[in-house]
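The values are calculated or read from the model by the stated rules, or taken from the named source; none is laboratory data. Keep in mind that what you see is a predicted model, and the values were worked out from it rather than measured. Positions of Cβ are generated from backbone atoms using ideal geometry, with glycine treated the same way; all protein chains shown enter the neighbour counts.
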Amino acid sequence: MKREPIRRRPSDPDLRAQPDPDARDGGVQSVDRALQIMETLAEDDEGYRLTDLAIRTGLSPSTVHRLLTTLENRRFVQFDREESKWHIGAQSFVVGSTFMRRRNFAARALPYLRKLRDQTRETANLAVVDDESIIIVSRIESREIMRSVTKVGGRVAMIASGLGKAVLAAYSDADVNAIIRRQGMPRLTEKSIIRPGELFKELETVRRQGYAVDDEEARLGLRCVAAVVFNDCSEPFAAISVSGMADRMMHERLPEIGAVVHRIAAELTAELRGNSLAQQEPA
């Protein structure tokens, strides 16, 4: 009788002893470096020349060129021959759009962003929580002159942004402390909050009034008013905000704007079948 070959499980000692082929040939390192290149390209719509990209990433030009060639073959990056610059390619959008399809709420949020823009006459933003940061996923631009802190797809700091503080106010003190330990409290402007005690005091104000304010903490001359959006488990998973020039969004306007942002955030929570009971009326 012919015997079947022994099928070893991955936990068998002799299989565990075999070296990881990716580790041996630098495959894992290559993946990490390729992702670093893509993240760097995503920082600037103008693109990068090969030498500049090598400097930005700290990699050798030959390594960068080899990885770019592979990414170009898969259409994750593209090369502009007229300017001799590399840019993010179409396949990056295809893959990245899966994130938005999975979330499946950006399109449903657009009417609320338009309402927010029209009622405040400032730029309306939608952001989602991604691990311990905030990603801008949609924006309705104001018809007024505006300087955006970050573009759609960009990340903003949890601690130094209205969007982030609106979310942090729904976290426990222990969770906020953990984020502070991991991320620190960098001074972005002279108005940035850089002490934990000041941040916790600020978060208490956010909970009491129902909205958060970035008072030129991320960029001088720019203010932001934000409120959190909850999911059906009463978890803060997104936030909306309005942002504008400080000379338009004067301090006396902030309570009025905050009430509008809070109300529309509650409406969006209800639209997404989130638990609106988690949102208290502003004091």
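Annotations
- Residue, farthest from residue 91 (Cα to Cα), within the range 18-58, restricted to residues that are modelled with pLDDT under 90, of a type in the set (D, E, K, R) and assigned to a loop (DSSP other than H, G, I, E, B): 20
- In the range 232-261, the residues that are closer than 22 Å to residue 153 by Cβ and under 18 Å from the mean Cα position of the chain (by Cα): 236, 237, 238, 239, 240, 241, 242, 243
- Taken together, the criteria place residue 201 among residues that are surrounded by fewer than 19 Cβ atoms within 10 Å (Cβ to Cβ) and either in a helix (DSSP H, G or I) or touching a helix residue (DSSP H, G or I) at 6+ places or on another chain (Cβ under 9 Å) (or both).
- Options 181, 208, 273; residue that is out of contact with any Lys or Arg (no Cβ under 8 Å at 6 or more places or on another chain), of a type in the set (D, E, K, R), exposed (fewer than 15 other Cβ atoms within 10 Å of the Cβ) and on the phi > 0 side of the Ramachandran plot: 273
- Breaking point among (1) over 30 Å from residue 107 (Cβ atoms); (2) in contact (Cβ under 8 Å) with a residue 24 or more places away in the chain; (3) touching a helix residue (DSSP H, G or I) at 6+ places or on another chain (Cβ under 7 Å), for residue 261: (1)
- Matching residues in the range 138-157 - criterion: being part of a loop (DSSP other than H, G, I, E, B), modelled with pLDDT under 85 and touching a helix residue (DSSP H, G or I) at 6+ places or on another chain (Cβ under 9 Å): 142, 143, 153, 157
- A residue that is in a loop (DSSP other than H, G, I, E, B), within 30 Å of residue 197 (Cβ to Cβ) and of a type outside the set (Ser, Thr, Tyr) can be found somewhere in the range 122-137.
- Selection count where residues are in a loop (DSSP other than H, G, I, E, B) and surrounded by fewer than 11 Cβ atoms within 10 Å (Cβ to Cβ), scope the range 59-83: 3
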